[in-house]
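What follows is a set of notes on a single structure, which appears directly below.
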Amino acid sequence: VKSSGSYKLTVDSVGCSATSNAITVKVNPNPIPSVTGPLTACKNATGNIYTTANTAGHSYSWSVTGGTITAGATTNAITVDWGTASSGIITVTDTNNATGCYGSGNLTVAVGDSLVPSVTPNGVTTFCENGKVKLDAGGGFSKYRWSDKLKSTTQSITVISTGVYTVWVEDAGGCSGTSASVTVTVNKNPVVSLSLVPDKTIICNGDSVTMIASGGGTYSWSGGETTQSITVKKSGNYTVSVKNTAGCEALDGKTITVNTPDTAVIIDPYWGILLCPHQGDTVTLIAVPGYAS
């Protein structure tokens, strides 16, 4: 019998039969433990903790190849010091004390020469001037040392300059290692300039000025134009956005003022300009600013 249930025995002999009393069989399940903990460790690393579920009424027995149990051998959590082998195996036996049933679980650990931390950018690593990116080495280490100019010792750094960045880390057990490099590229913003032909920001009504931008690959004016230059005949603030091939942008602008000239009117106080020079006649001519006929 391998399954729980109620069982009876029936015997037939020379036409006669008899059935036994029922016998109930209960098959208790075996525990199925699993081991959790670091899947990688450094050679000679100390203080590595591995656990299995803590179930009331159960007892635990551990064994380790490639390392030494330094604490918790009869509990649901052990502390392991690794040696110099390239791998180790942790095995736990979980016994149900009430039924005597037991089961085993194991975990294979890669034991390497050093830690291999991973650097994670929190954004793009190629950007324009005035941008930035945060590089994070992740938690769980006791020491950090970055390759930036400040030799930062924090879990993360904020980068604003072009460069190749790595981080060295060490854990509580003295195991250390260096990450793969992350390259950050900071592209220059264009240097935009705006010239005027003629070189005037104040012009008269009917005149015009040509605004010429330089310093980029593409141009976008506040009026919607996309040419390198525009001709202006009205007062206003004119700006241009210049973008280079890296996608970086810079702005420049100027204010143009268009003045309406005054109308000069000649007034003859005598309502006429017929003169007799030989008689010494004269007439006064007066220009009146702002007067329009």
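The values are calculated or read from the model by the stated rules, or taken from the named source; none is laboratory data. These numbers come from a predicted model, not from an experiment. Here the Cβ positions follow ideal geometry from the backbone for every residue, glycine too, while neighbour counts run over all protein chains shown. The accessibility values were calculated without ligands, DNA or RNA, using every heavy atom of the protein model including side chains. Shrake-Rupley method; radii C 1.70, N 1.55, O 1.52, S 1.80 Å.
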Note to self: It is to be established whether one or more residues within the range 214-232 are modelled with pLDDT of 95 or more, assigned to a loop (DSSP other than H, G, I, E, B), among the acidic types (Asp, Glu) and open to solvent by 40 Å² or more (accessible area, probe 1.4 Å).
What the structure shows: yes
Output for Cβ contacts, cut-off 6 Å, separation at least six or different chains, first residue among the hydrophobic types (A, V, I, L, M, F, W, C) in the range 135-159, second open to solvent by 40 Å² or more (accessible area, probe 1.4 Å) and part of a loop (DSSP other than H, G, I, E, B), reads Ala137/Gln155
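Residue check: is Asp199 without any contact (Cβ under 8 Å) to a residue 12 or more places away in the chain and either within 30 Å of Gly47 (Cβ to Cβ) or open to solvent by 20 Å² or more (accessible area, probe 1.4 Å) (or both)?
Values: without any contact (Cβ under 8 Å) to a residue 12 or more places away in the chain: yes; either within 30 Å of Gly47 (Cβ to Cβ) or open to solvent by 20 Å² or more (accessible area, probe 1.4 Å) (or both): yes.
Judged against the criteria, Asp199 is a match.
Scan the range 75-107 residue by residue and report those that are of a type in the set (Val, Ile, Thr), closer than 25 Å to Asn30 by Cα and at pLDDT below 95. So that I can check it myself, show each step before the final result.
Within the range 75-107, the first condition is being of a type in the set (Val, Ile, Thr), and the residues that meet it are 75, 78-80, 84, 89-93, 95, 99.
Imposing the further condition that a residue be closer than 25 Å to Asn30 by Cα reduces the set to 75, 78, 89-93, 95, 99.
Within the range 75-107, Thr99 is the sole residue that qualifies.
With of a type in the set (S, T, N, Q), buried (at least 17 other Cβ atoms within 10 Å of the Cβ) and out of contact with any Ser or Thr (no Cβ under 9 Å at 6 or more places or on another chain) as the only criterion, which of Asn189, Asn130 stands out?
On the way: Asn130 fails: buried (at least 17 other Cβ atoms within 10 Å of the Cβ).
The match here is Asn189.
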Given (1) out of contact with any Ser or Thr (no Cβ under 9 Å at 6 or more places or on another chain); (2) closer than 22 Å to Gln155 by Cβ, Ser86 misses just (2)
In the range 77-94, residues that are under 16 Å from Asn54 (Cβ atoms) and surrounded by fewer than 19 Cβ atoms within 10 Å (Cβ to Cβ) total 3
Filtering the range 151-178 down to residues that are assigned to a loop (DSSP other than H, G, I, E, B), at pLDDT 95 or above and either open to solvent by less than 50 Å² (accessible area, probe 1.4 Å) or of a type outside the set (Val, Ile, Thr) (or both) yields Lys151, Ser152, Gln155, Ser161, Thr166
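State which residue is farthest from Asn97 (Cα to Cα) when the search covers only the range 9-44 and only residues that are assigned to a loop (DSSP other than H, G, I, E, B) and of a type in the set (A, V, I, L, M, F, W, C).
Of all residues in the range 9-44, those assigned to a loop (DSSP other than H, G, I, E, B) come to 9, 14-15, 20-22, 26-35, 37-39, 43-44.
With the extra rule that they be of a type in the set (A, V, I, L, M, F, W, C), the set shrinks to 9, 14, 22, 27, 32, 35, 39.
Working: Leu9: 32, Val14: 48, Ala22: 28, Val27: 15, Ile32: 14, Val35: 20, Leu39: 30 Å.
This residue is Val14.
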Being loosely packed, with under 13 Cβ neighbours inside 10 Å and in a strand (DSSP E or B) narrows Ser6, Ser104, Ser63 down to just Ser6
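Quick grid of which residues meet (1) among the polar types (S, T, N, Q); (2) in contact with a Ser or Thr (Cβ under 7 Å, 6 or more places away or on another chain); (3) touching a residue at least 60 places away in the same chain (Cβ under 8 Å); (4) more than 17 Å from Cys175 (Cβ to Cβ):
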site	(1), (2), (3), (4)
Val11	no, yes, no, yes
Asn21	yes, no, no, yes
Val35	no, yes, yes, yes
Ala56	no, no, no, yes
All-but-one check, Trp146 against (1) farther than 21 Å from Ala41 by Cα; (2) more than 17 Å from the chain's Cα centre (by Cα); (3) open to solvent by 30 Å² or more (accessible area, probe 1.4 Å), failing number (3)
Residues of the range 9-28 being open to solvent by less than 100 Å² (accessible area, probe 1.4 Å) and either of a type in the set (A, V, I, L, M, F, W, C) or closer than 30 Å to Asn76 by Cβ (or both), in sequence order, are Val11, Cys16, Ala18, Ala22, Val25, Val27, Asn28
